[in-house]
1. With a cut-off of at most 11 other beta carbons within 10 Å, and DSSP calling the residue loop, which trypsin sites (Lys or Arg not before Pro) in the range 150-235 qualify? Please list them.
2. Report, in order of residue number, the helices in the chain meeting two criteria: a C-alpha extent of 27 Å or more along the helix axis, and a mean Kyte-Doolittle hydropathy of at least 0.5; treat each whole DSSP H run as one helix.
3. Which percent of the accessible heavy-atom area of the range 62-209 goes to carbon and sulfur, probe 1.4 angstrom?
4. With the dipole of the chain worked out from charges on the C-beta (+1 for Lys and Arg, -1 for Asp and Glu) around the Cα centre, which of 106, 218, 208 lies farthest toward the positive end?
5. Between rounded, prolate and oblate, where does the range 217-268 land on the alpha carbon gyration tensor, with a ≥ b ≥ c its root eigenvalues, rounded for a/c under 1.5, else prolate if a/b exceeds b/c?
6. Of 289, 205, which has the most accessible area with a 1.4 Å probe, and how do the rest follow in descending order?
7. Could you identify which residue out of 246, 275, 214 has the top mean-square fluctuation in a GNM of the chain using Cα springs shorter than 10 Å?
8. One quarter of the convex hull surface, Cα atoms only: what value does that give for the range 137-201 in nm²?
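The values are calculated or read from the model by the stated rules, or taken from the named source; none is laboratory data. All of these numbers come straight from a predicted model, not from anything done at the bench. FYI the Cβ positions are ideal-geometry reconstructions off the backbone, even for glycines, and counts take in every protein chain you see. Side chains are part of the model used for accessible areas, which takes the heavy atoms of the whole protein and leaves out ligands, DNA and RNA. Shrake-Rupley method; radii C 1.70, N 1.55, O 1.52, S 1.80 Å.
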Amino acid sequence: MTGKPAAERRTGLLNGFAAYGMWGLVPLFWPLLKPAGAVEILAHRMVWSLFFVAAALLLIRRWAWLGELLRQPRKLALVTVAAAVITVNWGVYIWSVNSGHVVEASLGYFINPLVTIAMGVLLLKERLRPAQWAAVGVGAAAVLVLTVGYGRPPWISLCLAFSFATYGLVKKKVNLGGVESLAAETAVQFLPALGYLLWLSARGDSTFTTEGAGHAALLAATGIVTALPLVCFGAAAIRVPLSTLGLLQYLAPVFQFLLGVLYFKEAMPPERWAGFALVWLALVLLTWDALRTARRAARALAGKDSAPRSSVLADTTGVAADTASMPSEANPLEARP
């Protein structure tokens, strides 16, 4: 009886590693699309993603959500906002990688959990534990150090972190599954992106038909690059605990950082190392606090197994409420770069 759950967990872990590994290695892909500019690449990503996600939905025969979504104008408006925000995130990320700022882009996804927590406090009035406050404070200090190191605020990192944190906040309100949500968002993006590509082609500035079949195939593959990690993530999310996904999410920016330093040979003077070290310290604090809180909650629930039912219900409701009030360190990265 225990073999099947163990096999399911292994399958989930493999899919999780695959998803975050692909997201972490994607900086190797965007430079292959040159001489296409960042906006053209972004538009192709939007157009081709819809085709591949629609194919995935046809395969799994999951369409019931679409009729429900079309009958809810408020939810449609939130999907439109999510599409706009992730467009900014994708566009800045593609531009940063192809402009030689892979390390700074990776920083954006390192500090994203800290920004998510800060937004939870400011916008949702959530209460933080002392370790979370300490992590946010160390993260703020890291941004100051990096501002000195770069000679300017790390605006690429901040833009990526804030746009993705905003995207996560909107997605929480929309409450759609990963594939369904991406399908709805790319449907919103499709016509503007297609219109831009047609306009670019009419001007003679499109690279899709002028750089050969290989280049056109690579541009079309942006849809696979978007959809495939999401499919793996979805397979992982239903098989492994959220806390495990929360730890796996750091693989992507770690891979991006290593690529920036070791492969793209980006400069890392001492002050930048100091700034990154502070960010990593903040993430260690955050992760330690999240794991400790999860263990305490699990022990509290296990200890109530023999208690009267009414007492168990009262205590578990309290634990659930406290957990719901906390920002999510796991942050399912459903539309990562």
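1. 203
2. 38-60, 73-98, 102-124, 130-150, 155-174, 178-202, 270-303
3. Looking at the range 62-209 in its full context, I get 69 percent from C and S.
4. Ranked along the dipole, the leading option is 106.
5. The shape class here is oblate.
6. Of 289, 205, the descending order of accessible area is 205, 289.
7. With Cα springs under 10 Å in the chain, the top fluctuation among 246, 275, 214 is at 214.
8. Seen from a random direction, the Cα hull of the range 137-201 projects 7.1 nm² on average.
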